[in-house]
Amino acid sequence: QVQLVESGGGLVQAGGSLRLSCAASGRTFSSKAMGWFRQAPGKEREFVATIGWNGASTYYADSVKGRFTISRDNAKNTVYLQMNSLKPEDTAVYSCAARRYGLPSSKGNEYDYWGQGTQVTVSS
């Protein structure tokens, strides 16, 4: 069993930055691909970014490419999402997720464990 706890959300003005963290329990974190997803009010959950087990492979949604960076520290059992040049449309609850496998994926139904999420609000 893997437990995921996100932190780092908050209120920021458009153009600002935030760094989200996701701390994972368990000794198998380093073998798992991780992902960030978000859900805005009244909208479906959408893929944001994913990273493979060793950090070598990363993929992003087109809407965040060039602005967001996903990274991981396997020694700390933590995955990060650095968000720069934030826009009001980035406002959502951001959740991290872990796959049982090491290959990254943009599909939410391929993830086995989910955190509760952290709110990000970007004001205009």
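The values are calculated or read from the model by the stated rules, or taken from the named source; none is laboratory data. Since this is a predicted model, take the numbers as computed values, not measurements. No Cβ is skipped: glycine too gets one built from the backbone with ideal geometry, and neighbour counts run over all protein chains shown. Surface areas here come from the heavy atoms of the whole protein model, side chains and all, with no ligands, DNA or RNA. Shrake-Rupley method; radii C 1.70, N 1.55, O 1.52, S 1.80 Å.
Determine whether Tyr59 is closer than 17 Å to Gly117 by Cα, in contact with a strand residue (DSSP E or B) (Cβ under 7 Å, 6 or more places away or on another chain) and of a type in the set (Phe, Trp, Tyr).
So Tyr59 does not fit the description; no.
With respect to the stated conditions, Ser7 fails to be touching a residue at least 12 places away in the same chain (Cβ under 8 Å), more than 10 Å from the chain's Cα centre (by Cα), open to solvent by 30 Å² or more (accessible area, probe 1.4 Å) and within 16 Å of Tyr113 (Cα to Cα). For first residues located in region 33-60 and more than 21 Å from Asn77 (Cα to Cα) and without any contact (Cβ under 8 Å) to a residue 60 or more places away in the chain, partners that are of a type in the set (A, V, I, L, M, F, W, C) and loosely packed, with under 14 Cβ neighbours inside 10 Å and lie 6+ apart or on another chain with Cβ distances below 9 Å do not occur. Ile70 meets all of the listed conditions (1) farther than 24 Å from Gly26 by Cβ; (2) in contact (Cβ under 8 Å) with a residue 24 or more places away in the chain; (3) within 14 Å of the chain's Cα centre (by Cα) but one, namely (1). Picking from residues in region 79-92 that are of a type outside the set (A, V, I, L, M) and under 11 Å from the mean Cα position of the chain (by Cα), the one that is surrounded by the most Cβ atoms within 10 Å (Cβ to Cβ) is Tyr80.
Taken over region 101-116, the residue count meeting the criterion of being within 14 Å of Val79 (Cβ to Cβ), of a type outside the set (Ser, Thr, Tyr) and touching a strand residue (DSSP E or B) at 6+ places or on another chain (Cβ under 9 Å) is 3. Exactly one residue among Lys43, Lys32, Lys65 is among the charged types (D, E, K, R) and within 18 Å of Gly117 (Cα to Cα), and that residue is Lys43.
Mind telling me which of the residues Ser95, Ser105, Ser123 ends up being open to solvent by less than 50 Å² (accessible area, probe 1.4 Å), among the polar types (S, T, N, Q), modelled with pLDDT of 95 or more and farther than 27 Å from Gln1 by Cα?
Criteria check complete, one pass: Ser123.
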